[in-house]
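The values are calculated or read from the model by the stated rules, or taken from the named source; none is laboratory data. Only a predicted model underlies this, so the values are computations on that prediction, with no experimental measurement involved. In this analysis, Cβ positions are derived from the backbone assuming ideal geometry, glycine residues included, and neighbour counts consider all displayed protein chains. Surface areas here come from the heavy atoms of the whole protein model, side chains and all, with no ligands, DNA or RNA. Shrake-Rupley method; radii C 1.70, N 1.55, O 1.52, S 1.80 Å.
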Amino acid sequence: MKKLIALMFILALSVLLVACVSNHNSTSNQDTDNSEDGTSTETEQEETQSDEEEEVELTYWYWADNSEYSNLMQDIIAEFNQTNDKGITVIGEEYPWDGGGYSETLFTAGVGGGGPDVAAFKLTSTPLFTANDLLVNLDDYINNWKDKADIEENLYDIMKSASGTENLYVMPWNTQILYMYYRPSIFEKAGVDVPTTYEELLTAIEKTTMDTDGDGNTDIYGFGMRGATGGQEPWGSFIHARGGDFKNMTSEEAIQGMQDFIDIYENGYAPPSATTDGFNEIIANFKSGRTAMTVHHTGSSAEMVETFGDDVSAFPFPEGVGQWTSMGDTNNVIFESTEHKEAAFEWVSYLATGKGQEDWTIATGNVPVSTRVQEMDHFQNDKFMKASIEGVPFAGILPIKDTTTEWISTVWPNTTASALLGDITAEEAMQQLHESLHEE
């Protein structure tokens, strides 16, 4: 019970990470060959035969951000039910996201034995669910899946890292990838090209900081820095670009990344308000022309185009010694309690690489996980989507730990603000950030 209570804190992570972003294997063998001679067991044969010859009904839990997406999901479900040739019928049951309460409802139902066969899912909940043996280990299903290579290997690695194991318990579905917005007209005025390296980015931030009317005051800041909660995501790109990472934030490389972040602020290349600027502020600053660059994802692209027309574009955060950008996610899981695992995998794979992937990502504006779908004209002709897709191979997430919620909401903004204001050094800041995130 003590372990269960401690793990419940992990659910709060999905509340913070949805806006922008345990070592325990399942005991299931996923209906694979288990006998010594390599043949299926009698139970497995009966299940496979049942799935193939009898009608199978699956319950699928999901949430939808609005009524349009709710209707869309029901349409996708209806099409799958009509077109699959395996006798599978999916029954979609919508539950409210409820500020992350969905994950708690799902967990409670799963533990109580009343959960669905399949469910939409957030990566941040993975350790809690796997520690309680609620999810099917998908390794064998994916390794034997004809579409395995259609999903970027990095996405599988992220799914594994979420569980803290070398196993896959989560099926990719759709993502949000952070990239850099920029104003082409400002770049032209500053005489800089789109950065292709980290050093070029730092130079571009400096040069696009300008006093355009000659009154001695900065009119345009090169970078719209986010110092409030949520800013840890673009900040992470600077740390990784120097070769650092979240595992050891006290390394020389990670400290240098923090120093770069501090220098941008101290040199006046970011607005003075950056220490407390959140999402609304960085978007307002960019849209007002106060900043030349800022970091976000496709969720804000429509309003950017509405504001600037063709005078706004995007590029993936460029590579230095390393490269990283933050990924938000919505995925799917199969519950260990389902009697129809093969049928359940047919459904989640349809959403991952089939027609369901096309319909959902085109309508919602999320980044596809299927490379086949990414290559469709709809996505390739969208410069913001292209910047997102280019970021998929090096995208990642913060470590999922009991400490992460507090670290994101309080420790990171307070510590970073102190560093930006010169109250502590980059080294001291990184020491504090590392100890707070990784404390046992």
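Summary of values
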{"quantity": "Every residue from region 99-113 that is outside any loop (DSSP other than H, G, I, E, B) and open to solvent by less than 70 Å² (accessible area, probe 1.4 Å)", "calculated": "99, 100, 101, 102, 103, 105, 106, 107, 109, 110"}
{"quantity": "Pairs with Cβ under 9 Å, 6+ apart, first in region 417-440 and in a helix (DSSP H, G or I), second open to solvent by 90 Å² or more (accessible area, probe 1.4 Å) and not charged (D, E, K, R)", "calculated": "417/276"}
{"quantity": "Per-region count, region 285-302, residues open to solvent by less than 10 Å² (accessible area, probe 1.4 Å) and either part of a helix (DSSP H, G or I) or of a type in the set (Gly, Ala, Ser) (or both)", "calculated": "3"}
{"quantity": "Any hit, region 255-278, residues being under 30 Å from residue 122 (Cα atoms), in a helix (DSSP H, G or I), open to solvent by 10 Å² or more (accessible area, probe 1.4 Å) and of a type in the set (A, V, I, L, M)", "calculated": "no"}
{"quantity": "Residue list for region 114-161, filter: closer than 23 Å to residue 376 by Cβ, open to solvent by 10 Å² or more (accessible area, probe 1.4 Å) and not in a helix (DSSP H, G or I)", "calculated": "145, 146, 147, 152"}
{"quantity": "Filter result (open to solvent by 40 Å² or more (accessible area, probe 1.4 Å) and either part of a helix (DSSP H, G or I) or of a type in the set (Asp, Glu) (or both)) within region 372-384", "calculated": "372, 375, 377, 378, 380, 382, 383"}
{"quantity": "Flag for residue 213 being outside any helix (DSSP H, G or I), open to solvent by 30 Å² or more (accessible area, probe 1.4 Å) and of a type outside the set (Val, Ile, Thr)", "calculated": "yes"}
{"quantity": "Odd one out for residue 359 among (1) closer than 22 Å to residue 97 by Cα; (2) surrounded by 22 or more Cβ atoms within 10 Å (Cβ to Cβ); (3) touching an Asp or Glu at 6+ places or on another chain (Cβ under 8 Å); (4) not aliphatic (A, V, I, L, M)", "calculated": "(2)"}
{"quantity": "Failed criterion for residue 93 (all others in (1) open to solvent by less than 70 Å² (accessible area, probe 1.4 Å); (2) over 21 Å from residue 364 (Cβ atoms); (3) charged (D, E, K, R) hold)", "calculated": "(2)"}
{"quantity": "Residues (farther than 19 Å from residue 94 by Cα and touching a Gly at 6+ places or on another chain (Cβ under 7 Å)) located in region 329-351", "calculated": "337"}
{"quantity": "Test result for residue 219, surrounded by fewer than 22 Cβ atoms within 10 Å (Cβ to Cβ) and in contact with a strand residue (DSSP E or B) (Cβ under 8 Å, 6 or more places away or on another chain)", "calculated": "yes"}
{"quantity": "First in region 367-393 and more than 17 Å from residue 153 (Cα to Cα), second anywhere and loosely packed, with under 15 Cβ neighbours inside 10 Å, Cβ under 7 Å, 6 or more apart", "calculated": "386/380"}
{"quantity": "Region 81-98, residues that are part of a strand (DSSP E or B) and under 12 Å from residue 344 (Cα atoms)", "calculated": "88, 89, 90, 91"}
{"quantity": "Some residue of region 60-70 being within 26 Å of residue 389 (Cα to Cα), of a type in the set (S, T, N, Q) and not in a helix (DSSP H, G or I)", "calculated": "yes"}
{"quantity": "Identity of the residue in region 31-86, touching a Lys or Arg at 6+ places or on another chain (Cβ under 9 Å) and surrounded by 16 or more Cβ atoms within 10 Å (Cβ to Cβ), that ends up modelled with the lowest pLDDT", "calculated": "31"}
{"quantity": "Every residue from region 385-404 that is in a helix (DSSP H, G or I), in contact with a helix residue (DSSP H, G or I) (Cβ under 9 Å, 6 or more places away or on another chain) and buried (at least 21 other Cβ atoms within 10 Å of the Cβ)", "calculated": "385, 387, 388, 389, 392, 404"}
{"quantity": "Residue satisfying all of: in region 180-210; β-branched (Val, Ile, Thr) and not in a loop (DSSP other than H, G, I, E, B); surrounded by the fewest Cβ atoms within 10 Å (Cβ to Cβ) among these", "calculated": "197"}
{"quantity": "Which listed residue, of 305, 369, is crowded, with 21+ Cβ neighbours inside 10 Å, on the phi < 0 side of the Ramachandran plot and of a type outside the set (D, E, K, R)", "calculated": "369"}
